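Contents: one structure, followed by commentary.
The values are calculated or read from the model by the stated rules, or taken from the named source; none is laboratory data. Remember, it's a predicted structure, so these values are computed and weren't measured experimentally. Cβ placement follows ideal geometry from the backbone for every residue including glycine, while neighbour counts extend to all protein chains displayed. For the accessible areas, the whole protein counts, side chains as well, though only heavy atoms, and no ligand, DNA or RNA atoms are used. Shrake-Rupley method; radii C 1.70, N 1.55, O 1.52, S 1.80 Å.
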Amino acid sequence: MNEIEIAKRAAIEAGQVIKTYFSHVGYKLKGRANPVTLADIKSQEIIAKKIRKTFPKDSIIAEEGLMSIMDKKRLWIVDPLDGTVNFTHNFPHFAVSISFVENGVVKLGIIYDPMKNEFFKAIKDKGAFLNGKKIVVSKTKKLSDSLLATGFAYDRREKADFYCSFYSHFLKISHDIRRCGAASLDMAYVACGRIDGYWEFNLKPWDVAAGKLIVEEGGGKVSDFSGKSWKKDFNSILKWGKETLVCNFKIKLEMLRHIKSLSKILIKT
């Protein structure tokens, strides 16, 4: 069985287990506003078990404390339940995210929303798909015509004014902004054209690795706030998501210009 079949089966099985826990499970906090539930744990166990059964020497990093580093050339990056805050409040917007990275290149990415039964998939150089149908990013040409998305990191209490400065700025120059609470789905929505651009600070590799490939295979761009692609060495992969800009190519330069300009102003103040 190859990597894509393992990832697909793991995502679907984990997603179905998550659905059984929806509205029927409590949570504990790893930090302020950073919950973990039994659904997170069970989902991660399912995914890790399936990967290890077929690829026992591969490395795995996952959100809920799993960092099994063996072969650094073959790495699985897993978010067993992206959008846990939504999940704990019975807000039906969350996903399972699984990616496989070989020699620093994301070879496959899967994002599965079990509540909407939407299965986003990409294989390197073979395109991006939603439930088997090819997807592409939007053709929106101007930031002023764009629907954007963002999110706020877990240090939002301490940096609320900083994050909201970007939100306020883009709100004034775009059609509107969505803040849906699941980074993987924000990226998937850019990939299929539902959203034109997305930015966020201080994400983790499990939030963004699968989405990175899905967006790029859908014709979009993923970069840091300087416009550079994320580095591919192992230590850099562990830092993917610190600065995340996702958009179609037509509004990329415009979004970068605004982010750089605003960043300079905020740093000075």
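Name all residues of the stretch 73-93 having a backbone nitrogen under 15 Å from the label point set 7 Å from the Cα of Met67 along its Cα→Cβ direction, giving them as ranges. Within reach of a label on Met67: 76-78. Counting only DSSP beta bridges with both residues in the stretch 124-239, the antiparallel share comes to about 25 percent. Helix content alone sets the calculated 222 nm mean residue ellipticity of the chain: runs of n ≥ 4 DSSP H residues at -39500 (n - 2.57) each, divided across all residues, give -12000 deg cm²/dmol. Within straight-line reach of Lys42, meaning a Cα separation under 13 Å, sit the following aspartates and glutamates at least 8 residues removed in sequence or on another chain: Glu13, Glu63, Glu64, Asp79. For the stretch 37-94, averaging the sequence separation of C-alpha pairs within contact (under 8 Å, six or more residues apart) and dividing by the residue count gives a relative contact order of 31 percent.
Of the solvent-accessible surface of the chain, computed with a 1.4 Å probe and all protein chains present, 53% belongs to carbon and sulfur. Taking every C-alpha pair closer than 8 Å and separated by at least 6 residues, the mean separation divided by the residue count of the stretch 130-182 gives a relative contact order of 48 percent.
Report the relative contact order of the stretch 185-269, percent, no decimals, based on alpha-carbon pairs under 8 angstrom and at least 6 residues apart.
Working: 121 pairs, mean separation 29.7, N = 85.
Relative contact order, the stretch 185-269: 35 percent.
From most to least packed by mean Cβ count within 10 Å, the peptides 227-239, 105-117, 128-140 give 105-117, 128-140, 227-239. Gap in Å between the Cα centre of the stretch 152-168 and the Cα centre of the stretch 1-35? Going from one Cα centre to the other spans 27 Å.
Subtract the Cα-Cα distance of Asn235 and Asn34 from 0.36 nm times their separation in residues, and report this length gain in nm to one decimal. Let's see the in-between values first.
Values: separation 201, 0.36 × 201 = 72.36 nm, distance 2.46 nm.
Between Asn235 and Asn34, full extension yields 69.9 nm more.
Among the listed pairs Lys57/Lys228; Lys116/Lys159; Lys19/Lys121, which are separated by more than 23 Å between their Cα atoms? In this structure, Lys57/Lys228; Lys116/Lys159 exceed 23 Å between Cα atoms.
At 1.4 Å probe radius, can you tell me the per residue accessible area of the stretch 36-120 in Å²? Let's see the in-between values first.
Values: 3250 Å² over 85 residues.
With the other protein chains kept in place, the stretch 36-120 gives 38 Å² per residue.
If you rank Thr88, Thr244 by how much accessible surface each has, with a 1.4 Å probe, what is the order from largest down?
Working: Thr88 30, Thr244 0 Å².
Correct descending sequence by accessible area is Thr88, Thr244.
Once you've got the Cα coordinates, tell me which of Lys73/Lys232; Lys126/Lys250; Lys134/Lys212; Lys8/Lys133; Lys53/Lys232; Lys124/Lys250 are over 18 Å apart. From Lys73/Lys232; Lys126/Lys250; Lys134/Lys212; Lys8/Lys133; Lys53/Lys232; Lys124/Lys250, over 18 Å: Lys126/Lys250; Lys53/Lys232; Lys124/Lys250.
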